[in-house]
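Here, each number is a calculation from the coordinates, and none is a lab measurement. Everything numeric in this text was worked out from a predicted model, so none of it was measured. All Cβ positions, even for glycine, are placed from backbone atoms using ideal geometry, and neighbour counts span all protein chains on display.
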Amino acid sequence: MEPDLEKVQCEVKGMSCSSCAMTVSGYLEKKGMQDVVVSLATGEVSFRAGEGTDVGSILEGIDKLGYEVVRPGPGKGRLQTVLGDIRFWLAGCALFTIALLGSMWIPGFGSPPWLQCLLATPVWLAGIWHFGRSALAALRQGIANMDVLITTGSTAAYGYSLYGLLKGLGPDYLFFDTAAAIITIVLLGNLLEQGAVRQTAAAITELAGMQPARARRVLTSGRTEEVDSRDLVPGDLVLAREGERIPADGKVESGNAILDESMITGESIPVGRAPGEMVIGGTLLSQGNIRVRITATGAATVLSGIVRMVREAQQQHTPLQRLADRISGIFVPGVLLAAALFLAISTGIFHLSFSTALLRSIAMVVIACPCAMGIATPAAVMTGLGRAARNGILIRGADTLEGFGKIGTVIFDKTGTLTTGRLRIRAFSCTLLPEQQFQSLVATLEEHSSHPIAKSITRQWTPDGAFNNLSITEVRGSGIRGTGPEGKEYLLGSASFASAPDEGTEHDLYLSVNGAPAGWIDLVDEMRPGVTETMAYLSKNRIRTILVSGDRKDKCERLALDAGIGEVFSRQSPGDKMNILKKLVASGSVAMVGDGINDAPALTLATVGISLSDASAVARQTASVVLMDNQVSLLPLTLEIGKKTVATIRQNLFWAFIYNLLAIPLAAAGFLHPMIGAAAMGLSDLFLVGNSLRLRYRKLL
């Protein structure tokens, strides 16, 4: 039996680039923590610690890496806050670096060596403070991160220049400008990367920002008071006015309204809400004024659940990301070793001057970019999941996205998934009674049943009072019996219950009067909007479609024909569904779309389990994907987001590897100055983030 693991979540400040996130993640993994997740976009860190682990010392270890774990209590002072802001360091370094480069480029000025040193030293010291502390702390933990490369490269340039200045060796030994430029350019790159990465998490920010800060609570006197929405509790009555957002989940107590639920359900058409109907916190009240009885607040609301689900999904690592992380872990030591070997070989064998060889080695170090490999997957995943959430598609795990690209078969449940569950009368026949009396009798009998079929019929047919004197009893599982004062017996139900003759045609309900057949009724379940378009998309993309249902063969085949589904398995029990799914999963990747409790095992077994938002709680919890507002029509967009996200991840990883594969040899050959290398390193990160951000706006269907 596995030991219990304590889930630890905290916020860490000071992580300015993906290298920082990799450093914290590597430290926690080396300490034996499990399920480590570090999000650069949100600054959130989570992990699971084994029994007996001193979590306090683990968090102190993160502090010693040069970052700050946010703890309860007074925050930092103003000076500490400024010193922790990368913009402060960038502004100072840029000022001295521009002055240094400007003085060197002024015609006839010549920039004396002592002035170069004077201007470069503050920048180098700032670099040691910002990058060096992290690099040293990481090395103490046995981790080599990006900061190690930056510190090594800038210190080598500054140290060699200082040696040349003190020894009076001339301008060939002075690389003060290189040392300063490396630090300044990398700081600029980190700042740009920080902002760009946070854009990929914009969906979470948008969702979380939908929750209004204030609410109007209705007092027992009828007056209202304005309160913090976080102070609301279930049972409170609140007033929501036109143009405002609903403060929390609840039920409309009075008034009628038109709500914009697009950020929750993905449905752009406003919906009407009347007394007795539920409303979701954060949705926009487009028209009307309503009073809402609060049913859920805080973490229990639908909106909080969506934000939590998206955050957790964004934090998970995909197989591709784990591969990139492993490569990044050995990348920095490999680059340092390659640069050292190049320096030795180029001076000892190829007889390059030491200053030239050193400059090329520095360029090799600073142009190398493990950050690109570290950020390639998270940036795409965050953007893809964010776009899905904005369109009413909730994806539980980042690894689910990779599963979408392999789907070759989609299995659909019928009732409640492809159909609405609202039955309508498709056809009927009456023999012993006139049509009006037949309808009135059936409606009178069905009024005494709570069965969904009975409710559907009474919505469409109403009694006219002709059969009010019947004595009616329901026979569970079979039908309804009515007895008149004259002794007539009316039976409505299955063929065996109503003693209907076998005519070779199966109907849903039969009516008999004193044992004689009096008619039959056929019902049909309404197909959800967008089902035919969904099947057309799947067919176009050569994805096999299968309907698996416990319903009758004729009904399943009729629905499959209308919807455009390729294969049908009818009269299937939950066990039969599992057997079909097992065979399909054994030969390829399969998605299962269902909504009932009996679908939960199949949703778990499938490569990707997809549920609707009003499905049973068990189905929603076991599914990998939840389609909000019960829209099967969201399936094509879901698959496209998954495929495009995986394609973006592969593009990012390809360019990250190609960049390093080409850039390091070019630097060794002398084609790239260290300053250009530092700029190229920062631009590579921005390129990958920009490529990922295309997912937010590109047309998918």
Rounded to the nearest 5, what is the percent of antiparallel bridges among the DSSP beta bridges in the chain? 80
Just to verify a number: FRET efficiency for Ala299 and Ile345, C-beta to C-beta distance, R0 = 56 Å, to 0.05? 0.40
Return an integer: the convex hull volume of the alpha-carbon atoms of the chain, in Å³ per residue. 221
Can you give the local net charge around Leu511? Use residues other than it whose beta-carbon is closer than 14 angstrom to its beta-carbon, Lys and Arg +1, Asp and Glu -1. -3
Using the alpha-carbon atoms, what tilt in degrees (0 to 90, nearest 10) does helix 435-446 show relative to the longest principal axis of the chain? 60
Please give every one of the lysines within straight-line cross-link reach of Lys7, meaning a C-alpha to C-alpha distance under 22 Å, and leave out same-chain neighbours fewer than 8 residues apart. Lys30, Lys31, Lys64
Under 8 Å for C-alpha pairs, at least 6 residues apart: give me the relative contact order for region 420-527, rounded to a whole percent. 31
Identify all lysines with a Cα-Cα distance to Lys577 below 23 Å; exclude those on the same chain that are fewer than 8 residues away in sequence. Lys406, Lys414, Lys553, Lys555
Bin width 5 Å, alpha-carbon pairs only: give the P(r) of region 5-74 as whole percents, running from 0 to the bin holding the largest distance. 3, 18, 33, 27, 14, 5, 0
Helical contribution to [θ] at 222 nm, DSSP H n ≥ 4, -39,500 (n - 2.57), averaged over the chain, rounded to 500: -15500 deg cm²/dmol
To the nearest 20 debye, what charge dipole does the chain have about its Cα centre, counting +1 at the Cβ of each Lys and Arg and -1 at the Cβ of each Asp and Glu? 1740
If I take every Cα pair under 8 Å that is 6 or more residues apart in the chain, average their sequence separation and divide by the length, what percent do I get for the relative contact order? 13
Helix 674-693 sits at what angle to the longest principal axis of the chain, using alpha carbons and giving 0 to 90 degrees rounded to 10? 10
Quick one: net charge of Val12's neighbours, Cβ under 13 Å, K/R +1, D/E -1? -2
Between helix 302-315 and the chain, what is the angle of the helix's C-alpha long axis to the longest principal axis, kept within 0 to 90° and rounded to the nearest 10? 40
Selection of trypsin sites (Lys or Arg not before Pro), region 472-543, meeting DSSP coil and at most 12 other Cβ within 10 Å: Arg476, Lys488, Arg542
Could you order the peptides 554-566, 163-175 from most to least packed, using the average number of other C-beta atoms within 10 Å per residue? 554-566, 163-175
Per the Debye formula with a single identical scatterer at each Cα and no solvent contribution, what log10 I(q)/I(0) holds for region 535-681 at q = 0.10, 0.11, 0.13 Å⁻¹? -0.50, -0.55, -0.67
Cross-link reach from Lys699 to aspartates and glutamates, straight Cα distance under 15 Å and at least 8 residues apart if same chain, gives Glu640
